[in-house]
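Right, one structure below, let's go through it.
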Amino acid sequence: MPHAPLNDAFVIRTEQDLRTLFPATHDLALRKCQDHLDKHAREFVSRAPFVCIGTQSPDGRADVSPRGDPCGFVKVLDDRTLLIPDRPGNNRLDTLSNLIANPAIGLLFMVPGFDDTLRINGHAQVTRDPDLLSGLAVNDRLPMVAIVVSVKEVFLHCAKAFRRSGLWNPDQRQDRREMPSLVHMILDQTTGAPEHPDTLAKLESDLEDAYRKSMY
């Protein structure tokens, strides 16, 4: 349905105008920000099987991409450096291309069962250094490249978002069958989904087979 046009009188255009709407930032929220990975940040990274990577294209388009692997797949090289393997994907290469053009990177680490998260901001480079890649093999398969993150800002993020969403609450789990499969939705958006259910079932089976064969 069409929506009413945005009322320009209520658009917030400056940070100063924005901050007049909110209380002052709590002192602890400012002081908690560090420029290195302390023991708590290191352990959080070692427990995290999932991280969201935020980057930006040369023309200013923002992008967030998920990365997942067994716990500790992001390696801490030292107090100010992380190493993230790039596993096989769809070869859009959005994250990698963005980082080559603009090295700014934002990371959000998540641990199943933890309502708090770890945020890390910094600058990154894409490398194919065999010495670095050698420690990232899974099932004897090395990633083609990896992301080296120079850490500039580290802080723990509070639990409010996860508690509001109930993300880990089993009662909040939804039935995946209530929406079409990934294959079905993408075909709807592109070439059109096949009408015969057996044809669609075969495509869905082929995707699951591709997942098994190309995970690493």
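Taking the range 65-81 as the search range and keeping residues that are open to solvent by 60 Å² or more (accessible area, probe 1.4 Å) and out of contact with any helix residue (DSSP H, G or I) (no Cβ under 9 Å at 6 or more places or on another chain), which one is nearest to ASP116 (Cα to Cα)?
So the residue we want is PRO66.
Which condition does ILE84 not pass, out of (1) surrounded by 14 or more Cβ atoms within 10 Å (Cβ to Cβ); (2) touching a residue at least 24 places away in the same chain (Cβ under 8 Å); (3) more than 30 Å from ASN169 (Cβ to Cβ), if it passes all the others?
(3)
Of all residues in the range 12-60, count the ones that are open to solvent by 100 Å² or more (accessible area, probe 1.4 Å), modelled with pLDDT under 95 and either in contact with a Lys or Arg (Cβ under 9 Å, 6 or more places away or on another chain) or under 19 Å from ASN121 (Cα atoms) (or both).
Qualifying residue count for the region: 4.
For every residue, the table says whether it meets (1) of a type in the set (Ser, Thr, Tyr); (2) touching a residue at least 24 places away in the same chain (Cβ under 8 Å).
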| site | (1), (2) |
| --- | --- |
| VAL11 | no, no |
| THR55 | yes, yes |
| ASP69 | no, yes |
| LEU96 | no, yes |
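Would you mind finding the one in PRO2, PRO23 that is within 30 Å of VAL111 (Cβ to Cβ), out of contact with any strand residue (DSSP E or B) (no Cβ under 7 Å at 6 or more places or on another chain) and not in a helix (DSSP H, G or I)?
Being within 30 Å of VAL111 (Cβ to Cβ), out of contact with any strand residue (DSSP E or B) (no Cβ under 7 Å at 6 or more places or on another chain) and not in a helix (DSSP H, G or I) holds for just one of PRO2, PRO23, which is PRO23.
The values are calculated or read from the model by the stated rules, or taken from the named source; none is laboratory data. These numbers come from a predicted model, not from an experiment. Cβ atoms come from the backbone with ideal geometry, glycine included; neighbour counts cover every protein chain shown. To get the accessible areas, we keep the full protein, side chains included, count just its heavy atoms, and leave off ligands, DNA and RNA. Shrake-Rupley method; radii C 1.70, N 1.55, O 1.52, S 1.80 Å.
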